[in-house]
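Read through the structure below, which is laid out as structure tokens, and then see the notes.
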Amino acid sequence: SQQGEEDPQALSIQEGENATMNCSYKTSINNLQWYRQNSGRGLVHLILIRSNEREKHSGRLRVTLDTSKKSSSLLITASRAADTASYFCATARETSGSRLTFGEGTQLTVNP
Amino acid sequence: GAVVSQHPSRVICKSGTSVKIECRSLDFQATTMFWYRQFPKQSLMLMATSNEGSKATYEQGVEKDKFLINHASLTLSTLTVTSAHPEDSSFYICSARDPQKQAHTDTQYFGPGTRLTVL
């Protein structure tokens with residue numbers, strides 16, 4: 001079964017607004033990653049945050065990690081219509097090497 | 001950035017036939033590749049870990065005799081769906097790690113996926 005749970009499952013916003021997606025997990029992790037998937041395509045790696053990090057930025061993306069709550073959030077600021085996609089968090093567990101466990105994903109729609 | 005390709009991008013086959021999907025790392029050598037399966041509007045489920053020169057490691061519930069994985073070289077892994085049935089219809093995605101990028105060893109580079117439809 002999937003370790004990660006994401007909410008919301010679907011999010012619809014207007015261009016220019018911020019989008020926040022959350023991810024929760026159940027076991028200890030080495031790192032947590034966020035990926036983006038356009039419909040019918042492969043995944044694109046967005047950002048990786050290690051278990052000893054609390055926050056990370058990359059362009060319009062901001063990721064936080066709270067290991068005490070076993071949760072992470074992805075914030076996309078000043079969203080654009082091109083940000084419309086599914087976003088997945090994935091965790092690499094301490095004992096699994098590079099095996100990733102994906103969350104259920106959030107479908108983001110940014111309306112122009 | 002690292003590039004992973006898959007071939008074919010989509011395939012339609014008859015029930016009972018076998019289908020081979022290729023996953024290639026184009027600009028790096030991948031000692032480890034991963035195969036995932038994704039049903040419509042669902043998340044990715046890891047099927048197996050493919051290790052160059054050794055047997056693949058399958059996740060619980062994945063039939064190794066049905067989903068044959070071969071990782072014969074550092075740039076190619078293949079997944080063969082044997083005796084395919086309609087319930088095997090899915091989106092199959094591979095990924096690979098670039099061991100040269102030590103700072104991001106847990107980052108996986110994903111292929112574009114293969115849409116399999118079994119009639």
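Any read-out appearing in this document is the output of simple, stated calculations on the displayed coordinates, not a laboratory observation. If you're wondering where the values come from, they're calculated on a predicted model, not measured in any experiment. Cβ sites come from the backbone with ideal geometry, for glycine too, and all protein chains shown count toward neighbours.
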Which ones in the stretch B:46-84 are over 11 Å from the mean Cα position of the chain (by Cα) and part of a strand (DSSP E or B)? B:51, B:57, B:58, B:72, B:73
In the stretch B:1-26, residue surrounded by the fewest Cβ atoms within 10 Å (Cβ to Cβ) [restricted to those that are of a type in the set (Val, Ile, Thr) and part of a strand (DSSP E or B)]: B:12
For the stretch B:17-27, check the following and say yes or no: at least one residue is under 30 Å from residue A:6 (Cβ atoms), in contact (Cβ under 8 Å) with a residue 12 or more places away in the chain, of a type in the set (Val, Ile, Thr) and in contact with a Cys (Cβ under 8 Å, 6 or more places away or on another chain). yes
Take the stretch A:85-105 and flag every residue that is buried (at least 16 other Cβ atoms within 10 Å of the Cβ), among the polar types (S, T, N, Q) and over 14 Å from the mean Cα position of the chain (by Cα). A:98
Filter the stretch B:27-45 for residues that are more than 10 Å from every other protein chain (Cβ to nearest Cβ) and under 15 Å from the mean Cα position of the chain (by Cα); the one that is surrounded by the fewest Cβ atoms within 10 Å (Cβ to Cβ) is B:39
Quick one: which strands (runs of 3 or more DSSP E) sit completely within the stretch A:11-69 and have at least 3 residues that are within 13 Å of chain B (Cβ to nearest Cβ) and of a type in the set (A, V, I, L, M, F, W, C)? A:29-37, A:43-50
Sort through B:82, B:75 and tell me the only one that's more than 14 Å from chain A (Cβ to nearest Cβ) and surrounded by 17 or more Cβ atoms within 10 Å (Cβ to Cβ). B:75
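Residues checked against (1) in contact (Cβ under 8 Å) with a residue 40 or more places away in the chain; (2) of a type in the set (S, T, N, Q):
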{"position": "A:73", "(1), (2)": "yes, yes"}
{"position": "A:78", "(1), (2)": "yes, no"}
{"position": "A:82", "(1), (2)": "no, no"}
{"position": "A:91", "(1), (2)": "yes, yes"}
{"position": "A:104", "(1), (2)": "yes, no"}
{"position": "A:109", "(1), (2)": "yes, yes"}
With the checklist (1) in a loop (DSSP other than H, G, I, E, B); (2) of a type outside the set (Asp, Glu); (3) in contact with a Lys or Arg (Cβ under 7 Å, 6 or more places away or on another chain) in hand, flag the one item residue A:79 doesn't pass. (3)
